[in-house]
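Before any comments, here is the structure.
The values are calculated or read from the model by the stated rules, or taken from the named source; none is laboratory data. Please read these numbers as outputs of a predicted model, since none were measured by experiment. Positions of Cβ are backbone-derived with ideal geometry, glycine not excepted, and every protein chain shown enters the neighbour counts.
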Amino acid sequence: MKKLTSKIIFSNTQLLLVLLLRILIGWHFLYEGIIKLLDPTWSAASYLLYSDWIFSGVFHAMAENATVLSIVNFCNIWGLILIGLALMFGLFTRLASIAGACLLLLYYVANPPFTLPDSMKEGTYMIIDKNLIEMIALIILAYLPSISLVDWNTVKKLAAKLSRKGGKSETSPHEYPCQMAAREQKETLERRNFLYNLISLPFAGIFTWSAVKAKTFKQGVAIDAISGATTRTFSFSNLEDLKGTLPYAKIGNVELSRMFMGCNLIGGWAHSRDLIYVPDLVKKYHTQQKVFETFQLGEQCGMNCIILNTSLTPLINAYWKETRGKLQFISDCAGVGDVEKGIQVSIDSGAAACYIQGEITEKILREGGSFEVVGEWLEKIRKQGVPAGIGAHSLEVIKRCVDIGLKPDYWVKTLHHTNYWSAKPAEQHDNIWCTNPEETIAYMNGLEQPWIAFKVLAAGAIHPKEGFKYAFEGGADFICVGMYDFQIVDDVNIASDILSQPLNRQRPWRC
């Protein structure tokens, strides 16, 4: 007996819906592939390293082997592009659907939604995500009758017809009327499928127009080298404008760039005077992705450290895991309750050095407490094998610590001049962080420990060309500067230029 087979015949509406589904999925694949191709910094490493389910060891090994990772990146980018093109234009649709489903299965197995932290989820789903949904859709497309722009049976028949004299088709003399009707119906369906697949062309045109517009927009504005901070009015420097490199020095066994980043802007502590909307604006700008981009750009410009509030240590840990970045952090041991807990959380999170934050030491000063406890905290930090420092806004804190014989591995003290219009001393104003800069410079000149100066720009009131030079000539061995991603290249250029020239500096470099 002959095996009975059935042929699915779509109505016009059904065919259009299936075609639309295939084209939209193809658009998604093609877009993802092109975006990755155009981004020289893109890598699958972070996605592989985040894997925390079955086969996570395999994915981690792939990310940690440079050769394997380059192959994975290449296959990922071009797999997305080729699958996307095939689905959009109806070429090898069954093969493309199966290949796309397999790729999405790998994505899902590597990072199913129930293993991801909330910060990486796109919704509140537990098991089902877009990868799983698209994968099932592609499997359905793969098992539906072929509705490709190029149907190879049709191509072969057309070639056979053209090879015959006059291009006329020959009908079998033994063909029955019912067979002739079936053949004509099939040819009609093939022609209909071909015509419906031409719908891909307008979508392709829209896609091309969108890509050109996006490229034109990016070329028409200046963007920083890593992130997408853009504007149509102002021009920001990028990595190509980097002129020099920052020198390095050591505190204990920790090597630090002479200038590194602060965390106030990242954490939303903007010191914005009476502009009450600015802290919220700063927090909105600094998404996790933006923070990671800022860290990456800072590293590429030679800065290898950031001072972090202890509450932000999960952020740097995520950065290390996702990007394989090597940015170090110095912890202020504040923001998680008491100092003892802050020290331990900092050490457990990988701090390169720790210090007692200025607000903590100044509270002791205000309340008339004993600074002996600061010495106990220093010893607790040192027992963990990292350099221990003391921070302060007030010079009086430094003097008290010196008077009782405390010798930290380094100091963290504010320094900036007060020659800016908003520097008006008042209890309720958040506008001066070093009220006696000349006295600070004179006193710090007599201390032998390295000095990290912060608030050198008075929270944005002083131009970097002034603030950096004032701090280095005033005796600072390092400066900590809060900066947006679009300021990093300019700040590094300014600092490296200042440090490459003779400085009117009385205090010797202490490291």
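Assorted remarks:
- Contacts under 8 angstrom Cβ, first residue in the stretch 271-292 being buried (at least 17 other Cβ atoms within 10 Å of the Cβ), partner charged (D, E, K, R) and not in a loop (DSSP other than H, G, I, E, B), 6 or more apart: LYS290/ASP485; PHE292/GLU322
- Qualifying residues in the stretch 373-395 (those that are in a helix (DSSP H, G or I), of a type in the set (Val, Ile, Thr) and in contact with a strand residue (DSSP E or B) (Cβ under 7 Å, 6 or more places away or on another chain)) - the one nearest to ASN436 (Cα to Cα): VAL374
- Scanning the stretch 255-270 for residues that are surrounded by 18 or more Cβ atoms within 10 Å (Cβ to Cβ) and either at pLDDT below 90 or of a type outside the set (Phe, Trp, Tyr) (or both) yields LEU256, SER257, ARG258, MET259, MET261, GLY262, CYS263, ASN264, LEU265, ILE266, GLY267, ALA270.
- For first residues located in the stretch 110-128 and closer than 20 Å to PHE55 by Cα and loosely packed, with under 10 Cβ neighbours inside 10 Å, partners that are of a type outside the set (Asp, Glu) and modelled with pLDDT of 70 or more and lie 6+ apart or on another chain with Cβ distances below 8 Å form the pairs ILE127/PRO112; ILE127/PRO113; ILE127/PHE114.
- Qualifying residue in the stretch 455-477 (condition: surrounded by fewer than 18 Cβ atoms within 10 Å (Cβ to Cβ), of a type outside the set (Lys, Arg) and without any contact (Cβ under 8 Å) to a residue 24 or more places away in the chain): yes
- Sole residue being modelled with pLDDT of 85 or more and within 30 Å of TRP320 (Cβ to Cβ), chosen from GLY100, GLY84, GLY26, GLY33: GLY33
- Here ALA423, ALA442, ALA453, ALA459 are screened, and the one residue that is under 37 Å from the mean Cα position of the chain (by Cα) and over 30 Å from GLN288 (Cβ atoms) is ALA423.
- Every condition in (1) more than 13 Å from the chain's Cα centre (by Cα); (2) within 20 Å of ASP485 (Cα to Cα) is met by HIS286 except one, and the failing one is (1).
- ILE83 more than 24 Å from PRO112 (Cβ to Cβ), crowded, with 20+ Cβ neighbours inside 10 Å and either touching a residue at least 24 places away in the same chain (Cβ under 8 Å) or charged (D, E, K, R) (or both): no
- Complete set of residues in the stretch 347-367 that are of a type outside the set (A, V, I, L, M) and in a helix (DSSP H, G or I): ASP348, GLY358, GLU359, THR361, GLU362, LYS363, ARG366
- Looking only at the stretch 369-391, residues that are free of Cβ contacts under 8 Å to residues at least 60 places away in the same chain, among the hydrophobic types (A, V, I, L, M, F, W, C) and farther than 13 Å from GLN449 by Cβ come to 5 in all.
- MET62 passes every criterion in (1) assigned to a helix (DSSP H, G or I); (2) within 25 Å of ILE136 (Cα to Cα); (3) touching a helix residue (DSSP H, G or I) at 6+ places or on another chain (Cβ under 6 Å) apart from (2).
- Conditions (1) out of contact with any Ser or Thr (no Cβ under 9 Å at 6 or more places or on another chain); (2) closer than 30 Å to LEU48 by Cβ; (3) at pLDDT 90 or above: number failed by ASN304: (1)
- Count of the stretch 396-427 residues which are outside any loop (DSSP other than H, G, I, E, B) and either crowded, with 21+ Cβ neighbours inside 10 Å or among the basic types (Lys, Arg) (or both): 10
- Residue within the stretch 323-336 that is at pLDDT below 95, under 30 Å from MET62 (Cα atoms), among the β-branched types (Val, Ile, Thr) and in contact with a strand residue (DSSP E or B) (Cβ under 8 Å, 6 or more places away or on another chain) present: no
- Selection count where residues are in contact (Cβ under 8 Å) with a residue 60 or more places away in the chain, surrounded by 14 or more Cβ atoms within 10 Å (Cβ to Cβ) and not charged (D, E, K, R), scope the stretch 29-52: 11
- Only listed residue being on the phi < 0 side of the Ramachandran plot and free of Cβ contacts under 8 Å to residues at least 40 places away in the same chain, chosen from LEU499, LEU406, LEU415: LEU406
- Number of positions in the stretch 434-447 that are surrounded by fewer than 21 Cβ atoms within 10 Å (Cβ to Cβ) and closer than 22 Å to SER331 by Cα: 0
- Checklist (1) at pLDDT 95 or above; (2) among the small types (Gly, Ala, Ser); (3) part of a loop (DSSP other than H, G, I, E, B) applied to SER370, failing item: (1)
- Condition check for ASP490: charged (D, E, K, R), part of a loop (DSSP other than H, G, I, E, B) and over 21 Å from GLU255 (Cα atoms): no
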